[in-house]
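Some notes on the structure that comes next.
The values are calculated or read from the model by the stated rules, or taken from the named source; none is laboratory data. Since this is a predicted model, take the numbers as computed values, not measurements. Cβ sites come from the backbone with ideal geometry, for glycine too, and all protein chains shown count toward neighbours.
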There are 2 protein chains.
Amino acid sequence: MSRQTITHKDGVVYEFAPDLEGVETVESGAELTIETRDSLDGAVQSEADVIESVPEEVNAATGPIAVEGAEPGDALRVEIEEIRLTEDQGRVITIDGFGLLDGDEGIEAPRTRMTPVDDGGEGEKATIAFDDLAVPVEPVVGTIGVAPAAESYTTLVPHDHGGNLDTTDVTGGNAIYFPVFQAGAMLAMGDCKAAMADGEMCGTGAEIGTEIDVTLEVIDGAATDVGLARPLIETDDAWKTVASAETLEAACELANRDAVDLLAAAHGFDDTDAYLFSSLAGGLEISQVVDPLVTVRNAIPKDYLPSPF
Amino acid sequence: MSRQTITHKDGVVYEFAPDLEGVETVESGAELTIETRDSLDGAVQSEADVIESVPEEVNAATGPIAVEGAEPGDALRVEIEEIRLTEDQGRVITIDGFGLLDGDEGIEAPRTRMTPVDDGGEGEKATIAFDDLAVPVEPVVGTIGVAPAAESYTTLVPHDHGGNLDTTDVTGGNAIYFPVFQAGAMLAMGDCKAAMADGEMCGTGAEIGTEIDVTLEVIDGAATDVGLARPLIETDDAWKTVASAETLEAACELANRDAVDLLAAAHGFDDTDAYLFSSLAGGLEISQVVDPLVTVRNAIPKDYLPSPF
């Protein structure tokens, strides 16, 4: 089966809305290559190109892709097989009014630093350069989500539908599960980084265009069966609940509550025992602190949680 | 050189105060074994023993230990060689009014679950049991600190002097550096866990008595030279700034600011470039969200930061 390619020319969205219309319709099981532009739509090609304020349209998400048979109450599994860079440089920037240390003494905005890619040659890992420092390329899909239940969200913010999660675990080899809120799910993604720190403190990673190989699968009734209200990530060794909220404290509560529910269901624990156990293994991780809703995850090692699906 | 042992019978503190008096005085370079009681001073020996409210005195910290020659402006390096459990069971508990999900539907407090230790036998890793789940023993020193500059802090809270940091990286094989605020530094530690999740969501890990092998070293003038205002952790592969504050957002800002300062000094970056770089590698991590001041760290891989000392 040849891999269908969907590019930003097929369509992009800057808002996850309940009434999205798909630019393509695919079957459950489809293997796709999704091409994405950098989050700034190519506006930054050198260090002279600075972004004065957060653009009204940012984080173009390629899609939406309608998945046949996906209905509210189902889960959509997005397996991310590989993310390939399609530019020879990324960019990391400050924007006035945006970022963890915005307005702090000595922190200037706007500023742009380009991060050239070195593919490393035969058998070597690719890196990006920041002055004389080489950072391994570990690509991240920053914005990925489905059509939400009721409200609309720009691609700048994360919420229960996904969106601007900026979570380093959304990378090759992992899978992310979304609750399906609307018929067809309406998946879209973009805003990739060649590398990003947990936290994405200055407001960006090394923003870059990519091609993403994914396999989509609809799991009938799974969101209802599992009580999946928000995204869930599967890595090699952990399940990670993902929650976004106005404060890190509120996001931590949601992510931990979701982890407690999964542990309780898996082991027949009551909520209190699941909560006590959650305090012993894995734990809370920061995704991003800047979008301006913030995102955290609660990792549960697979040793303690079989697949909830 | 035989290893000197300091036990809780030599002295404990429930408050890190500026005017602590040492129970022992040791030289820089001293190799010590510190014996610590569990954070609840032995009050919980079975699941019938519950803690109704946070005790006025909790997290007994063995010490304080005066280190000869330590003066304000110096740094104290505490290398943690090994943490050995001295009890055959730990305990993980909820307390009314305490913990991330306190008051949430289905979360009962007080509750106690005992976590028996299985030493695993020859060549096997020790574990603690929670029902039929076995969690690897990965001990953590929850409370560790020095006499603060001006204010006093109970051993329930963390701040710039250390205290109740509840940080999983404070474990065997790592080192933690403190700014010295008072002559002699006045190191104390306790509140160990057999295992703990990042976040310590229910308010405890598996609380347990321990013996901790440490080596202490005074680094002359290092706090002033490095601008060390708060604890800093050295792991095998990273330097991690550690910051505590009233909100996770504020703690993230402090931890990131400290990371920016270290990166700027190491590479001759201005603050903005250091900030941009900090957003590409390593990143923010959650220590604990419950103490009630919260603690986060900002990891900088050693690939990008030589020892600042």
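Residues in the stretch A:256-268 that are within 9 Å of chain B (Cβ to nearest Cβ) and either buried (at least 21 other Cβ atoms within 10 Å of the Cβ) or touching a strand residue (DSSP E or B) at 6+ places or on another chain (Cβ under 9 Å) (or both): A:256, A:257, A:259, A:260, A:267. Within the stretch A:252-280, the set of residues being under 18 Å from the mean Cα position of the chain (by Cα) and free of Cβ contacts under 8 Å to residues at least 40 places away in the same chain comprises just one member, A:254. Checking each residue of the stretch B:180-196 against the condition of being assigned to a strand (DSSP E or B) and among the β-branched types (Val, Ile, Thr) gives no match.
The residues of the stretch A:78-94 that are of a type in the set (Ser, Thr, Tyr) and more than 19 Å from the chain's Cα centre (by Cα) amount to a single one, A:94. Picking from residues in the stretch B:214-256 that are under 18 Å from residue B:28 (Cβ atoms) and among the polar types (S, T, N, Q), the one that is modelled with the highest pLDDT is B:215.
Might you check whether a residue that is within 19 Å of the chain's Cα centre (by Cα), part of a loop (DSSP other than H, G, I, E, B), at the interface with chain B (Cβ under 8 Å from one of its Cβ atoms) and closer than 24 Å to residue B:283 by Cα occurs anywhere in the stretch A:281-289? Checked against the condition, which is being within 19 Å of the chain's Cα centre (by Cα), part of a loop (DSSP other than H, G, I, E, B), at the interface with chain B (Cβ under 8 Å from one of its Cβ atoms) and closer than 24 Å to residue B:283 by Cα, the stretch A:281-289 yields at least one hit. Just checking, does the stretch B:28-51 include any residue being free of Cβ contacts under 8 Å to residues at least 60 places away in the same chain, of a type in the set (Asp, Glu) and loosely packed, with under 14 Cβ neighbours inside 10 Å? Looking for residues that are free of Cβ contacts under 8 Å to residues at least 60 places away in the same chain, of a type in the set (Asp, Glu) and loosely packed, with under 14 Cβ neighbours inside 10 Å, one finds none in the stretch B:28-51, hence no. Within the stretch A:118-148, the residues that satisfy the criterion of being surrounded by 14 or more Cβ atoms within 10 Å (Cβ to Cβ), more than 13 Å from chain B (Cβ to nearest Cβ) and not charged (D, E, K, R) are A:126, A:141, A:143, A:144, A:145, A:146, A:147, A:148.
Can you spot a residue in the stretch B:234-253 that is closer than 25 Å to residue B:91 by Cα and within 14 Å of another protein chain (Cβ to nearest Cβ)? The answer is no, given that none of the residues of the stretch B:234-253 is closer than 25 Å to residue B:91 by Cα and within 14 Å of another protein chain (Cβ to nearest Cβ). For residue B:175, the conditions (1) more than 20 Å from residue A:197 (Cβ to Cβ); (2) within 14 Å of another protein chain (Cβ to nearest Cβ); (3) among the small types (Gly, Ala, Ser) are fulfilled apart from (2). Applying the condition of being among the β-branched types (Val, Ile, Thr) and under 15 Å from the mean Cα position of the chain (by Cα) to the stretch A:290-304 and asking which residue is farthest from the other protein chains (Cβ to nearest Cβ) yields A:295.
Of the strands (runs of 3 or more DSSP E) that lie entirely inside the stretch B:72-130, those containing 2 or more residues that are at pLDDT 95 or above and among the hydroxyl-bearing types (Ser, Thr, Tyr) span B:111-118.
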